Amino acid sequence: MHRSQITLPPDARILVVKMAGIGDLLLATPALRALRESYPQARIDLLVTPDSAGILNGWDAIDHTIVLDKYLFDHPRQILNNPQTLLRLKELWQTMRAGRYDAVLLLHHLTLPFGRLKHQLLMRATGARWRVGLDNGHGWFLNVRVKDDGFGALHEAEYAMAVAEAAGATVRDKKLYLPLSEADRQQARRLIYGEGDSHEVKRPLIAMHPGSGSYSIARRWAPERFAKLADTLYADFGGELLLVGGPEEKELHEYIISQMQSPMPVRSLSGKGNIKTTAAVLEMVDLFVGNDAGVMHIAAAVGAPTVGIFSLTNHKAWGPYTGGPDSKRATVVRLDLPCMPCFYTGHQLGTPEGCSVHDCITMLGVDPVAVAARRMLGVNYIHGV
C-alpha cells in the first residue's frame with residue numbers, strides 16, 4: 001500500500017539517508033530537528049559519507065551516525081575492478097539489519113539509473129516497513145511518497161522537510177543547525193585574535209571563500225574579482241579580510257592577496273583548524289561572500305550575513321538557506337542568462353562543469369556582488385541586526 005503520510009510509534013527506529021557533502025547535510029538539519037522534536041523517544045540514525053561524517057557530532061537529534069563511502073559504488077565498473085568493495089556492502093547490510101528500523105527516509109532525488117538501483121537496494125536492505133522518499137516517477141520501491149517536481153521547484157532544505165513531514169514530523173523551526181563546542185569557538189578566537197587576544201581586529205570582519213570544492217570548479221568566480229571586491233569594500237567600510245578554505249586553496253588565497261591594491265589587512269586561514277573551527281570563525285564575521293559551495297552553507301547555518309555567488313548551479317535548489325523568505329541574512333548574486341542553470345535542472349543532473357565558455361560566471365562583474373555586500377553590511381553590521 002502506498003501512502004503520502006504516516007505516523008510512526010513514539011519509540012520508532014528511524015534511519016535517515018543523506019550521503020552527500022557537508023553543505024547538503026546541513027540543508028537536512030531542519031528535517032532532522034523536526035523528526036527529533038516530533039519523536040523525542042525515537043532512535044534516529046543517520047547514514048552519511050566520510051566527507052560529512054562528524055559535522056553533526058554533539059547534536060542530540062542524532063543517536064548514531066553510520067558512514068559509507070558511496071563514491072566506491074558510483075559506477076558498476078568500480079565494483080567489477082575492485083570486488084573487495086562488496087565486503088563493505090556486506091558489513092553495511094548487517095548494520096542495516098541490526099538496526100531493526102521501522103522507517104527509512106531517503107533524502108535524495110532519484111536522478112540517475114544506477115543511483116536509483118543503489119537507493120532501492122539500500123532501502124530494501126534495512127528491512128524497514130516504511131520506505132519514505134521523493135518520487136519523480138521512479139520511486140516505485142517507496143511506499144510513502146513525496147512528489148518531486150524537480151530541482152529548484154522547492155529548495156533542497158524544503159524537500160528534506162517534506163520527507164520528514166511525510167513520516168509524521170511537524171516542522172516548527174526551519175533554520176539550519178551546526179553544533180559547535182566551546183573548544184571550537186576558542187580555537188576560532190585564537191585564529192582571529194591570536195594568543196591572548198593580542199590582535200586588534202578591524203571591523204567589519206569580512207570572510208571570503210574563493211574556492212568551490214573539487215566536484216565542480218566551474219562555479220568559481222575569478223580570483224581577481226574577489227581581490228577587487230575586497231578593495232571596493234575596504235574603500236567603503238574599512239575592515240579586515242579573512243580568506244577561508246581548505247589547504248588545497250592556499251595558492252588561490254596567496255594569488256588573491258597579491259592582486260589586492262588596498263591596504264586592507266588580510267589573512268589566509270587555508271587549512272587552519274578543522275571544518276568546525278571554520279564554522280566558529282564564520283559565526284563571528286560581519287559578512288561572508290563565497291561561491292556556491294559547502295562553506296557558503298556553513299556560513300548560513302551559523303548565521304553569518306551571506307552573499308552567495310551562483311552561476312551554472314540551480315540557486316533555487318541550493319541557495320543559502322535561512323528558513324525564511326527575507327534576504328536580510330542571505331542573498332544570491334547571479335546573472336539571468338537563458339541557459340542558466342545547466343547543472344541540476346528539472347529532473348536531470350545536467351553538466352557539472354558547464355559549457356565551454358562559462359558566460360554565467362565569466363560575465364559576472366564585481367559591481368553586482370559589491371552592491372549585495374554593501375546592502376548586507378548596511379543592514380546587519382551598521383544597524384546591528
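The values are calculated or read from the model by the stated rules, or taken from the named source; none is laboratory data. These figures come from a predicted structure and were not determined experimentally. Cβ sites come from the backbone with ideal geometry, for glycine too, and all protein chains shown count toward neighbours. When the accessible area is computed, the model is the full protein with side chains, heavy atoms only, and any ligands, DNA or RNA have been set aside. Shrake-Rupley method; radii C 1.70, N 1.55, O 1.52, S 1.80 Å.
Selection of first residues in the stretch 144-159 that are at positive phi and of second residues that are assigned to a strand (DSSP E or B), restricted to Cβ pairs under 8 Å at least 6 apart or on distinct chains, gives the following pairs, ordered by first then second residue: GLY150/THR345; GLY150/GLY346; GLY152/TYR344; GLY152/THR345.
Take the residues in the stretch 142-156 that are modelled with pLDDT of 95 or more, assigned to a loop (DSSP other than H, G, I, E, B) and in contact with a Lys or Arg (Cβ under 9 Å, 6 or more places away or on another chain); name whichever of them is surrounded by the fewest Cβ atoms within 10 Å (Cβ to Cβ). Top of the filtered list is ALA153. In the stretch 199-228, how many residues are open to solvent by 10 Å² or more (accessible area, probe 1.4 Å) and of a type in the set (Val, Ile, Thr)? Number of matching residues: 2.
Taking GLY324 as the residue in question, decide whether it is touching a Leu at 6+ places or on another chain (Cβ under 6 Å), modelled with pLDDT under 90 and assigned to a loop (DSSP other than H, G, I, E, B). The answer is no for GLY324.
Looking only at the stretch 323-339, decide whether some residue is in contact (Cβ under 8 Å) with a residue 60 or more places away in the chain and open to solvent by 50 Å² or more (accessible area, probe 1.4 Å). Scanning the stretch 323-339 turns up no residue that is in contact (Cβ under 8 Å) with a residue 60 or more places away in the chain and open to solvent by 50 Å² or more (accessible area, probe 1.4 Å). Taking the conditions exactly as written (part of a helix (DSSP H, G or I), open to solvent by less than 30 Å² (accessible area, probe 1.4 Å) and not basic (Lys, Arg)), does ALA304 satisfy them or not? No. From the list THR85, THR111, THR95, the lone residue that is β-branched (Val, Ile, Thr), under 22 Å from ARG145 (Cβ atoms) and modelled with pLDDT under 95 is THR111. I'd like the residue in the stretch 166-198 that is touching a residue at least 24 places away in the same chain (Cβ under 8 Å) and charged (D, E, K, R) and, out of all such residues, is surrounded by the fewest Cβ atoms within 10 Å (Cβ to Cβ). Going through the qualifying residues, I end up with ARG172. Among the residues making up the stretch 14-37, none is surrounded by fewer than 24 Cβ atoms within 10 Å (Cβ to Cβ) and of a type in the set (S, T, N, Q).
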